[in-house]
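To keep things clear, I will list the structure first and then write my remarks on it.
Nothing in this text is a laboratory measurement; each read-out follows from the coordinates by a stated rule. Please read these numbers as outputs of a predicted model, since none were measured by experiment. Cβ: placed from backbone, ideal geometry, glycine included. Neighbour counts: every protein chain shown.
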Amino acid sequence: MRKNYNKNVKYIKKVMAIVLLVCFCLILTLSEVYINNDSHEKTLNSIANSSRFSNSEVENILRDSITSNMYLSNEEKEVILGYVYIFVNNKNYLDLEYFKKILNTLRINYDKNINYKSKMHKTNGSYNSSENVITFYGAENVSDIKSIFFTHELFHTMQKNYNKNYNSYLIESVNTIFNEEYSGLTENSIYDEYYNYVKMLIEIIGIEPFKKYECYAYVGFITDELIKITGSEVEATLLLTNMDNYKKIYDRISYDSKTYNSDLTKLDKLDKKILNEINIYYKAKYGIDMKNDLIMLSYYDNRSFLIEVENKYLSNASGKNILILQTYLMSYFINDKSLNEIQLLYSVPLESSDNKDGTKVIIINKENRYLISPK
């Protein structure tokens, strides 16, 4: 009897310990959810409050934050002050209270060593949001850094993190597009290789969610708009997760040659999957496949895009027609997306040319982008 009694006591103690542990974990989880929700709501309220300030008020607030920064040199301050107008232009999306503290405590470090992460790519800079420090590699001071690389890291400081759904692909791709538009330059970085998924989504759900995301990295801005189209939160979340996984695999190919071949296969499969998922949203909204939209086609299959254009606009679509230049004039963040267009400059046979110099310009825009009209 005594043995059975002791066994029962031990059993009860174990059960009680497990119950207490579960309760403790549940309390921690609920507390964390409450804290995060509270922080999220505060951020949204703060962003809403920021839009109530006039442009001149926002400019003065941010200029004061920069000039009173004790960690930046005068030269660094002058460079950053040159970009205040961009922050002002996006004031409706900024958590101004948060951002003025960021600018006031921002530090910039320089590492003389070039940070080669792989044989294919080198990292020019990085931003540590937890420490609010930008580090530039292969440089001794701010004058050693190209403006396009400086602004990429500077604009990362705008992206207040929402860590519960951190998406590295969106963080880098959205910031790169934002940077290239305002800088009027192309980064020619690793991110240019795969940021077109974002441009395709902008064509479907508009620029507003991405303007919000650039200043507050909360994927709900994007998933909410995708859900409005198909009604599925699972599908929206899966699409953005697949994009994030694409970046991880692509980066690994650049950094680790041991997995190169197997990762190439994974990338190809994932690319097809992502494009199919994006097409589902495009077709649900416009009633046609995105292959019938020349601008969309150019993003994911530029070879097919050029064939379609040459067949439609060049009488001699042969080796005699040579593409000299293809320019994207996309202004998602700065202007209305209806202004976007692609300009193509061809060298063509003189007998078929409109110009005496044997060149022809073809412009693809909202007037002629569709092979089949949207429904």
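Some points to look at:
- Pair N60, R107: separation of 7 Å Cα→Cβ label points (nm): 3.2 nm
- For a paramagnetic label modelled on H40 (point 7 Å from Cα along Cα→Cβ), amide N atoms under 18 Å away belong, within segment 213-236, to 213-228, 232-236.
- Over segment 280-340, the fraction of Cα-Cα pairs per 10 Å bin, rounded to whole percents and listed from the shortest bin up, is 18, 41, 32, 9.
- Label separation (D192 vs N132): 3.3 nm, computed from points 7 Å beyond Cα along the C-beta direction.
- Computed lengthening from T327 to R52, 0.36 nm per intervening residue step minus Cα-Cα distance: 95.2 nm
- Fraction of beta bridges assigned by DSSP in segment 106-230 that are antiparallel (%, nearest 5): 45 percent
- For the residue pairs K285/K337; K247/K312; K77/K247, the alpha carbons lie more than 26 Å apart in K247/K312; K77/K247.
- In summary, the aspartates and glutamates within cross-link reach of K375, defined as a Cα separation below 12 angstrom excluding same-chain residues under 8 places away, comprise D289.
- Extension gain, R303 to A284, is 4.3 nm, computed as 0.36 nm per intervening residue step minus the present C-alpha separation.
- Extension gain, N92-K366: 0.36 nm per intervening residue step, less the Cα-Cα distance, totals 95.9 nm.
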